[in-house]
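What follows is a set of notes on a single structure, which appears directly below.
Since every read-out is calculated from the coordinates, none of them should be taken as a lab result. What you are looking at is a predicted structure, and each value in this text was computed from that prediction instead of being measured. As a convention, Cβ positions derive from the backbone with ideal geometry for all residues, glycine included, and neighbour counts pool all protein chains shown.
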Amino acid sequence: MEALLHFRSAKTPCYREIPRNSHISRLSSLSFSAFPCRSFYAAMKNASRERWLRVENVKKGIEAVFEGEEEERVTEEHGSDAGELTCVMKFGGSSVASAERMREIAQLILRFPEENPVVVLSAMGKTTNNLLLAGEEAVCCGVSNASEIQELGFIKELHLRTVDELGVDRSVISAHLEELEQLLKGIAMMKELTLRTRDYLVSFGECMSTRIFTAYLNKIGVKSRQYDAFDIGFITTDDFTDADILEATYPAVAKRLYGDWITDPAIPVVTGFLGKGWKSCAITTLGRGGSDLTATTIGKALGLQEIQVWKDVDGVLTCDPTIYPHAEPVPYLTFDEAAELAYFGAQVLHPQAMRPAREGDIPVRVKNSYNPKAPGTLITKTRDMSKSVLTSIVLKRNVTMLDIVSTRMLGQVGFLAKVFSIFEDLGISVDVVATSEVSISLTLDPSKLWSRELIQQELDHVEEELEKIALVNLLQHRSIISLIGNVQYSSLILEKAFRVLRTNEINVQMISQGASKVNISLIVNDSEAETCVKALHHAFFESGYPSELLILDSVSGNGSASLSSLE
Ligand SMILES: Nc1ncnc2c1ncn2[C@@H]1O[C@H](COP(=O)(O)OP(=O)(O)O)[C@@H](O)[C@H]1O
Ligand SMILES: N[C@@H](CC(=O)OP(=O)(O)O)C(=O)O
C-alpha cells in the first residue's frame, strides 16, 4: 500500500494516507477539518476530472500533495481573488438586539477589511425566550386566540421595526412571520408542545435575524449569503433542545461553505444554535447559548485562524458580573479552564463550545461588541500558568446533593460501580463527587433535570433505586462554587478560601478537587452562596496586590510558600 495523499498544515499537522488506486470518492469522505481549504477544493475540483495533481500553498506553510502519473500545480492565482475565509465572528442576542446594534456590528465587520469572516448570529435580543413563552401560551390559549399571543406581537413588532429601520425589504422575513403564526395555531390546536416542536419554534429567531442582517450587509455593499445551519450539514443527535453535533458535520459544512466561497465569494451569515437530527431530519437546537458551539464547529470544520465570540461584556470575567459588579476581565485562559468555567455555570460560554476549538487548536477570542477596543479574553491550548493562581470564581445554584452510605460492611467490592450504574440507567449526569470507602457524596447536574422538567419524579426515582443498596440523604438547594485556577497551588487556594469562609461563618458541605487540574469545587447552601462568592472575589482579586505574584515571590524567596502573602 503506497501513501499517495498527504495534507499537511503547519498549524495543525495532519496527514491522511490513501492507497494509489483510490478514487476521488474516498477523498471526499476525508475529514476536512485541518486542511487548507481553498487549495484542497482546488485539488478536489481537478481531481474529480480523474487526474492526479499536486497542490501547494507554501507561502502559508501549508501543503497538500496528491501525486500521480500526471502532475499539475495549483497555486493561489487559480482561486478567486477574494482571499480566504479567515475567522468566525459570532454575535450573541445582545449584539443583534436592534437595528442600531446590527448597524454597529456591520461596521465592526467592515473595520477589518483584511478579514473574510464567517458570521454566526443568535436570535435578536430576547427572541428565543419570547418564542418559548409564546409556545407555552399557545398550548392553553385556544386556536382563535393564538394570533393575539402577546409574545408573538413582541416578536413581530421587533423584527418588522428592525427591517424598516435598516431599510431592507419586509419580504426577507414575512414568510417566516406567517409560518410562525401558523405554527402557534397548530400548537394551540394540538394543545401540546413537544420538544421537537419547541426546537422548530425557537429556530424562527435565528432564521430571521440572519436573513435581516444578510439583507442589510448586501444593501450596504458587503456581499453576503444567508445559511440555515440545518441545511448546510449541521448534523446532530436527535436529542431535541440539547442536541450534540455529530462528526459528519465537519466535512459537510466545510464542503458547502468553501464550495460556495470558491465559486461565488460572499460573506456567509449562518444561523447559530440550530442543527438537523440525523434520524428525524427535524430541526434540533444545541442547548441554550448554543450559537457559541456553532461558531467553534465552523472554526474547526474550516480550519480557520481564529474564532471570535462577541458578547456584551469585556471578555470572560473573574466572576459573574450580575452577582458581583467588580468582576474584572481575564486576559488569557486555556481551553480546559474555559470549558470548566462554562460547565460549572458561567453563562458567558456554552459548555460544549470549547471542544471543537480544542480539537482544531483554534484560538477563541471573547470580545465585547459594545466596547470593541477592550482586549477581551484569548483562549488557547496552553498559556503561561507559572504566575497564575486563581482565574475565576463560578457559581452554580440550585444543585441537588446526595449523601449515599453503603448499608454493607467496609470494603464491599463494587459499591461505587453499582451507584454509578443507577445514575447511568436513569440517564442522570453527576457533577461533583467525593468518596470514602463506604460513602459517596455527589451533586446532580441540574440542567439535565430541568430540561426534562421531571425534577421531583426523577429524584424520587433516584432515591428509590439507591435505597436498595444504601442509606440515602437527599439535600436540595445547594450551590457549587468552583474555583478555576492553577491547582498546583491548591493548598494556598484552599487555605485562603477556607479562611474567608470561616470569617463569614459559612460551612462547606463537600469539597472536590477532581482529575481536572483547573478546578476546586466547594458545596455550600444556596442561601450563603452569593455572600461567599463576593467574599472570595474580594479576597482573591481585590486585596490590593496581585496575589499571583506574591505567591511566586514567597515561593522563590525562601523555598517555602508563605500564606501571609495571600492574606
Ligand atoms: N464569568 C463570567 N464572565 C463574563 N460574563 C459572565 C460570566 N458569568 C456570567 N456571565 C454573563 O454572561 C453574559 C454574556 O453571555 P451571553 O448572554 O450568552 O452573551 P450573548 O447572548 O451575547 O452570547 C454576561 O452579560 C454576563 O452577565
Ligand atoms: N438564541 C439562543 C442561542 C444563543 O446562543 O443565544 P445567545 O448567543 O444570545 O446566548 C438562546 O437564546 O439560547
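Annotations
- Selection status of GLY299, within 19 Å of the chain's Cα centre (by Cα) and in a loop (DSSP other than H, G, I, E, B): no
- Look at the range 266-288: where a residue is within 28 Å of PRO117 (Cβ to Cβ) and among the acidic types (Asp, Glu), no partner that is part of a loop (DSSP other than H, G, I, E, B) and more than 13 Å from ligand 2 (Cβ to nearest atom) sits 6+ places away or on another chain with Cβ atoms under 6 Å.
Let's see how each residue does on (1) among the aliphatic types (A, V, I, L, M); (2) assigned to a helix (DSSP H, G or I); (3) touching a strand residue (DSSP E or B) at 6+ places or on another chain (Cβ under 8 Å):
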{"position": "PRO251", "(1), (2), (3)": "no, yes, no"}
{"position": "LYS276", "(1), (2), (3)": "no, no, yes"}
{"position": "GLY289", "(1), (2), (3)": "no, no, no"}
{"position": "ILE307", "(1), (2), (3)": "yes, no, yes"}
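- Residue list for the range 228-276, filter: over 15 Å from the mean Cα position of the chain (by Cα), among the charged types (D, E, K, R) and under 20 Å from PHE204 (Cα atoms): ASP228, ASP231, ASP238, ASP239, LYS276
- Pairing residues of the range 324-335 that are within 11 Å of VAL313 (Cα to Cα) with residues that are within 13 Å of ligand 1 (Cβ to nearest atom) and of a type in the set (Ser, Thr, Tyr), at Cβ distances under 8 Å and at least 6 apart in sequence or on separate chains, gives ALA327/THR318; GLU328/THR318; PRO329/THR318; PRO329/THR377.
- Residue match in the range 204-223 (condition: assigned to a loop (DSSP other than H, G, I, E, B), free of Cβ contacts under 8 Å to residues at least 60 places away in the same chain and closer than 23 Å to PHE273 by Cβ): no
- Among the conditions (1) at negative phi; (2) loosely packed, with under 14 Cβ neighbours inside 10 Å, SER203 misses just one, which is (2).
- Some residue of the range 512-527 being out of contact with any Leu (no Cβ under 7 Å at 6 or more places or on another chain), under 23 Å from HIS326 (Cα atoms) and assigned to a helix (DSSP H, G or I): yes
- When residues of the range 370-407 are limited to those that are over 21 Å from GLY345 (Cα atoms) and buried (at least 20 other Cβ atoms within 10 Å of the Cβ), the one nearest to ligand 2 (Cβ to nearest atom): SER388
- Count of the range 507-534 residues which are surrounded by fewer than 20 Cβ atoms within 10 Å (Cβ to Cβ) and in contact (Cβ under 8 Å) with a residue 12 or more places away in the chain: 16
- Some residue of the range 220-235 being crowded, with 16+ Cβ neighbours inside 10 Å, more than 28 Å from PHE154 (Cα to Cα) and out of contact with any helix residue (DSSP H, G or I) (no Cβ under 9 Å at 6 or more places or on another chain): no
- Lone qualifier among LEU286, LEU293, LEU317 - being over 16 Å from LEU246 (Cα atoms), within 16 Å of ligand 1 (Cβ to nearest atom) and surrounded by 20 or more Cβ atoms within 10 Å (Cβ to Cβ): LEU317
Rundown of residues vs (1) in a helix (DSSP H, G or I); (2) more than 30 Å from the chain's Cα centre (by Cα); (3) within 18 Å of LEU442 (Cβ to Cβ), yes/no style:
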{"site": "LYS468", "(1), (2), (3)": "no, yes, yes"}
{"site": "ASN473", "(1), (2), (3)": "no, yes, yes"}
{"site": "HIS477", "(1), (2), (3)": "no, no, yes"}
{"site": "TYR489", "(1), (2), (3)": "yes, no, no"}
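- Residues that are surrounded by fewer than 18 Cβ atoms within 10 Å (Cβ to Cβ), within 14 Å of ligand 1 (Cβ to nearest atom) and outside any strand (DSSP E or B), drawn from the range 327-369: GLU328, PRO331, GLN347
- Being free of Cβ contacts under 8 Å to residues at least 24 places away in the same chain and either out of contact with any Pro (no Cβ under 7 Å at 6 or more places or on another chain) or part of a strand (DSSP E or B) (or both) is a property that ARG397 lacks.
- Yes/no for PHE273 being over 16 Å from HIS350 (Cα atoms) and within 16 Å of ligand 2 (Cβ to nearest atom): no
- If you go through the range 281-315 and keep only what is touching a Lys or Arg at 6+ places or on another chain (Cβ under 7 Å) and more than 30 Å from GLY83 (Cβ to Cβ), you end up with ALA282, ILE283, THR284.
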